[in-house]
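S.K.: Supplied in structure tokens, the structure appears directly below.
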Amino acid sequence: KIDFSSSDNFMGMVMDFSLSQKNGYLSAYTTYTCGMTDGLKYLKGCYMHWMQSVQRISSIHAVVPVDKRTAFLELTVKLRTTVDDMEFNDTCNNIVSEFPDARKWLIWWLQPDVRSMICVNGSIMKRSLRFHVCRTSNAIESFHRVFNTLIK
């Protein structure tokens, strides 16, 4: 049993953005913490999964024209790293206005639980986890594969 009463006892987890993984983790967290419901603050989204999504959408030239790819990538960096609410909202608006076919993609990433795992703005993630150097690793990817097998 993990003692969550001290912030030093459990740093958190890096995982992809799978709803089943997140729900499985939150269920276990609630069970092992006697009903605590603040488990999302211990989840950090996998940077590599985020970047794969960014690369995938930016490679669809009907969504992001070749000559605007750099601008799109710069906006996604700003989306993930900005703290200021107004700047975050402006960035979202710029993505939608400059790349209207990326709207559904952006809406998915702006879901509160997903946004909190990857974006600084609106995040409820523990500060120590958010700024921890660990963003992804092969070991974590291996853990995800085993975790998904166990969930199924």
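S.K.: So which residues in region 122-132 are farther than 17 Å from E87 by Cα and free of Cβ contacts under 8 Å to residues at least 60 places away in the same chain?
M.R.: R127, F131 - these are the residues of region 122-132 that are farther than 17 Å from E87 by Cα and free of Cβ contacts under 8 Å to residues at least 60 places away in the same chain.
S.K.: On to the next question. Can you pull out every residue in region 112-121 that is free of Cβ contacts under 8 Å to residues at least 40 places away in the same chain and under 18 Å from T37 (Cβ atoms)?
M.R.: Residue satisfying the conditions is P112 alone.
S.K.: Only one residue in D16, D8 is at pLDDT below 85, among the charged types (D, E, K, R) and over 19 Å from the mean Cα position of the chain (by Cα). Which one?
M.R.: After ruling out the rest, the residue left standing is D8.
S.K.: Check M117, M86, M125 and return the single one that is of a type in the set (A, V, I, L, M, F, W, C) and open to solvent by 80 Å² or more (accessible area, probe 1.4 Å).
M.R.: Just a single option satisfies the conditions, and that option is M86.
S.K.: Given the conditions (1) at positive phi; (2) surrounded by 12 or more Cβ atoms within 10 Å (Cβ to Cβ); (3) not basic (K, R), and given that V96 satisfies all but one, which numbered condition is not satisfied?
M.R.: (1)
The values are calculated or read from the model by the stated rules, or taken from the named source; none is laboratory data. It should be emphasised that the depicted structure is a prediction, and the values quoted were computed from it without experimental measurement. Virtual Cβ from ideal backbone geometry, glycine too; neighbours counted across all protein chains shown. Protein only, heavy atoms only, side chains kept; ligands, DNA and RNA dropped before computing areas. Shrake-Rupley method; radii C 1.70, N 1.55, O 1.52, S 1.80 Å.
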